[in-house]
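K.L.:
My questions all concern the structure below.
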Amino acid sequence: MIEVYRCFMKGGKIKPMQITRRDFMKFSGAAVGGLALGGLGFNLAPVEAQAQTLKIRWAKETTTICPYCAVGCGIIVHTSRDGSGKIINTEGDPDHPINQGSLCAKGAALYQLVTTESRIKRPLYRAPYSDKWVEMSWGQALSEIARRVKQSRDSSFTTTNAKGQVVNRTDGIAHVGSAALDNEECWALQTMMRALGLAYIEHQARI
Amino acid sequence: MADKSFFIDTTKCTACRGCQVACKQWNKLPATKTYNWGSFQNPADLSFSTFKLVRFREVESGGKVKWYFFPDQCRHCLEPPCKDTAEGFVDGAVIQDESTGAVIYTDKTRMLSSSNFEEVRQSCPYNIPRQDPGTGLISKCTMCFDRVGNGLLPACVKACPTGTMKFGDRGEILDMAKKRVAALQKKGFKKAQLLDADSIRAIFLVVDDPSIYYKFSVAQNDVGISRKLALRKLFRPATGLITGVAKL
């Protein structure tokens with residue numbers, strides 16, 4: 001009887017007055033059960049409550065492809081529906097044929113791609129011989145890149161090689177990347193680079 | 001829901017640490033500052049914010065380096081000694097989920113002093129519990145009971161790309177583990193064995209002397225139930241009675 005009181009007091013949810021005869025029998029039996037059930041005083045209610053409210057239960061699910069390597073694993077991104085669109089969780093997509101739900105350490109850390117404080121949100125520019133990075137707007141960065149590509153291409157473009165053969169190429173620019181590109185992006189990039197006359201077109205997986 | 005268990009087949013582990021990171025991601029645990037301490041194992045040890053850790057051991061044999069990987073975690077003992085110890089100090093600090101068998105450290109672990117914590121840690125045969133020096137909270141693997149309770153796999157098992165980590169009903173997991181041992185022994189891995197399969201819920205399969213992998217790969221005899229703990233267990237019903245009377 002005392003044991004019964006003890007566990008209800010500790011559990012804190014049910015008041016001693018609410019013990020039914022059946023409960024009483026159950027708990028008395030357990031108390032007699034002895035030392036093995038010494039922890040009878042615990043209340044599983046919080047555990048059950050948490051089990052029922054899975055944090056991704058009401059989240060919006062969006063599928064994406066891992067941006068890190070060329071394997072291209074499928075990932076589900078869980079975001080909140082409350083308007084903030086905050087990412088709650090990212091995990092492998094079990095329906096994706098490539099990874100079938102699994103992920104490596106990098107893919108599993110995708111959540112941090114968005115949330116980390118080290119994330120770079122704006123283009124950074126380091127001038128030649130400078131030791132500092134300076135923030136720059138996208139407009140500025142893109143115009144600067146376009147201007148320099150044009151300048152380098154015009155100054156390094158060769159129409160014929162030493163043997164007099166027509167080559168129409170530039171050796172002044174190289175392109176690197178990327179394992180994270182899909183087929184269509186690769187096609188668009190390749191077309192643009194070839195049109196500019198680049199010969200040095202590389203992929204980061206081979207560097 | 002039946003009693004659950006993990007099966008961790010170290011022969012398939014490539015130490016990619018997908019499990020380790022997936023655990024951090026699901027539990028929203030902060031990163032640990034790592035440094036080069038002479039091993040690829042990083043962070044160097046489990047902590048209150050690292051519940052899962054792939055342990056690395058490199059051994060030279062016949063002029064070649066041999067890797068031993070051990071994705072360490074709480075074993076969720078069938079009869080957890082840490083629970084007995086913690087209950088000696090604070091009731092409800094450690095609870096065991098009846099449906100899955102998960103051993104769960106609650107918020108009440110904050111009420112344990114650091115010396116209490118040392119006793120809890122020493123009572124763990126696998127050296128798992130860790131205390132947050134700031135908040136006093138003691139934490140470790142939760143078996144992702146929130147996921148499991150909703151029919152999902154634990155985050156580490158879900159992420160594992162090599163099939164090292166398996167999770168399911170205990171009976172099925174034990175069958176699977178025993179079949180794998182038999183298959184490996186047939187292949188010539190004479191030392192293929194399961195570690196403490198009868199008493200824990202995270203069953204490791206190794207193919208060499210378990211102590212090569214990690215000191216606490218199997219339950220250590222020098223920890224476990226100490227004399228002090230045995231005495232306290234003996235006296236606990238009496239103290240329970242006294243508090244009961246006091247409350248009446």
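The values are calculated or read from the model by the stated rules, or taken from the named source; none is laboratory data. Because the structure is a prediction, the values reported are computed rather than measured. So basically every Cβ, Gly included, is an ideal-geometry build from the backbone, and we count neighbours across all protein chains shown.
K.L.:
Any chance you could count how many residues in region A:63-93 are surrounded by fewer than 12 Cβ atoms within 10 Å (Cβ to Cβ) and part of a strand (DSSP E or B)?
P.N.:
The qualifying residues number 1.
K.L.:
Output the number of residues of region A:164-191 satisfying the condition of being surrounded by 12 or more Cβ atoms within 10 Å (Cβ to Cβ) and more than 23 Å from the chain's Cα centre (by Cα).
P.N.:
Final tally of qualifying residues: 10.
K.L.:
What number of residues within region A:125-158 are surrounded by fewer than 12 Cβ atoms within 10 Å (Cβ to Cβ) and either in contact with a helix residue (DSSP H, G or I) (Cβ under 7 Å, 6 or more places away or on another chain) or hydrophobic (A, V, I, L, M, F, W, C) (or both)?
P.N.:
5
K.L.:
Let me ask you something else. Output the residues belonging to region A:45-100 that are under 23 Å from B:PRO154 (Cβ atoms), among the small types (Gly, Ala, Ser), in contact with an Asp or Glu (Cβ under 9 Å, 6 or more places away or on another chain) and at pLDDT 85 or above.
P.N.:
The one that is under 23 Å from B:PRO154 (Cβ atoms), among the small types (Gly, Ala, Ser), in contact with an Asp or Glu (Cβ under 9 Å, 6 or more places away or on another chain) and at pLDDT 85 or above: A:GLY74.
K.L.:
Pairs, please: C-beta under 7 Å, at least 6 apart or cross-chain, first residue over 19 Å from B:THR142 (Cα atoms) and in region B:27-38, second aliphatic (A, V, I, L, M)?
P.N.:
Cβ pairs passing all conditions: B:TRP37/B:ALA44.
K.L.:
Next question, about the same structure. Of the numbered conditions (1) within 14 Å of chain A (Cβ to nearest Cβ); (2) β-branched (Val, Ile, Thr); (3) out of contact with any Ser or Thr (no Cβ under 9 Å at 6 or more places or on another chain), B:THR32 fails exactly one; give the number of that condition.
P.N.:
Going through the list (1) within 14 Å of chain A (Cβ to nearest Cβ); (2) β-branched (Val, Ile, Thr); (3) out of contact with any Ser or Thr (no Cβ under 9 Å at 6 or more places or on another chain), B:THR32 breaks only (3).
K.L.:
Also, quick follow-up: Would you check if there is a residue in region B:91-101 being more than 9 Å from every other protein chain (Cβ to nearest Cβ), among the acidic types (Asp, Glu), in a loop (DSSP other than H, G, I, E, B) and over 13 Å from the mean Cα position of the chain (by Cα)?
P.N.:
No, that holds for no residue.
K.L.:
Read through the list (1) under 22 Å from B:GLN131 (Cα atoms); (2) within 14 Å of chain A (Cβ to nearest Cβ); (3) crowded, with 22+ Cβ neighbours inside 10 Å; (4) in contact (Cβ under 8 Å) with a residue 60 or more places away in the chain, then give the number of the only condition that B:GLY18 fails.
P.N.:
Looking at each condition in turn, B:GLY18 falls short on (1).
K.L.:
Still on this structure: Of the conditions (1) part of a strand (DSSP E or B); (2) at positive phi, B:PHE56 clears all except one; give me its number.
P.N.:
(2)
K.L.:
Looking only at residues that are over 11 Å from the mean Cα position of the chain (by Cα) and within 12 Å of chain B (Cβ to nearest Cβ) in region A:97-109, which one is surrounded by the most Cβ atoms within 10 Å (Cβ to Cβ)?
P.N.:
A:SER102
K.L.:
Looking at region B:160-178, which of the residues that are in contact (Cβ under 8 Å) with a residue 24 or more places away in the chain and more than 18 Å from the chain's Cα centre (by Cα) is surrounded by the most Cβ atoms within 10 Å (Cβ to Cβ)?
P.N.:
Here the answer is B:PRO161.
K.L.:
On to the next question. Sort out which residues of region B:30-62 are among the aromatic types (Phe, Trp, Tyr) and more than 22 Å from the chain's Cα centre (by Cα), and write them in order of number.
P.N.:
The answer is B:TYR35, B:TRP37.
K.L.:
Also, quick follow-up: Determine which single condition B:GLU119 fails, assuming it passes every other condition in (1) in contact with a strand residue (DSSP E or B) (Cβ under 9 Å, 6 or more places away or on another chain); (2) surrounded by fewer than 22 Cβ atoms within 10 Å (Cβ to Cβ); (3) in contact (Cβ under 8 Å) with a residue 60 or more places away in the chain; (4) part of a helix (DSSP H, G or I).
P.N.:
Going through the list (1) in contact with a strand residue (DSSP E or B) (Cβ under 9 Å, 6 or more places away or on another chain); (2) surrounded by fewer than 22 Cβ atoms within 10 Å (Cβ to Cβ); (3) in contact (Cβ under 8 Å) with a residue 60 or more places away in the chain; (4) part of a helix (DSSP H, G or I), B:GLU119 breaks only (1).
K.L.:
Further question: Does B:CYS77 satisfy the criteria of being surrounded by 22 or more Cβ atoms within 10 Å (Cβ to Cβ), within 14 Å of chain A (Cβ to nearest Cβ) and either within 13 Å of the chain's Cα centre (by Cα) or in a strand (DSSP E or B) (or both)?
P.N.:
Criteria met by B:CYS77.
K.L.:
Determine whether B:ASP107 is within 11 Å of chain A (Cβ to nearest Cβ) and farther than 18 Å from B:CYS23 by Cβ.
P.N.:
It is true that B:ASP107 is within 11 Å of chain A (Cβ to nearest Cβ) and farther than 18 Å from B:CYS23 by Cβ.
To keep it simple, each residue is scored yes or no on (1) closer than 22 Å to B:GLY134 by Cα; (2) touching a residue at least 24 places away in the same chain (Cβ under 8 Å); (3) basic (Lys, Arg).
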residue: B:THR10; (1), (2), (3): no, yes, no
residue: B:ALA22; (1), (2), (3): no, yes, no
residue: B:GLN41; (1), (2), (3): no, no, no
residue: B:LYS52; (1), (2), (3): yes, yes, yes
residue: B:GLU58; (1), (2), (3): no, no, no
residue: B:LYS66; (1), (2), (3): no, no, yes
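K.L.:
Could you tell me which numbered condition A:ASN161 fails, if it satisfies all but one of (1) farther than 25 Å from A:PRO67 by Cα; (2) surrounded by 14 or more Cβ atoms within 10 Å (Cβ to Cβ)?
P.N.:
Of the numbered conditions (1) farther than 25 Å from A:PRO67 by Cα; (2) surrounded by 14 or more Cβ atoms within 10 Å (Cβ to Cβ), the odd one out for A:ASN161 is (2).
K.L.:
If you don't mind, another one. Of everything in region B:149-159 that's within 9 Å of chain A (Cβ to nearest Cβ) and at pLDDT 95 or above, which residue is surrounded by the most Cβ atoms within 10 Å (Cβ to Cβ)?
P.N.:
Result: B:ALA159.
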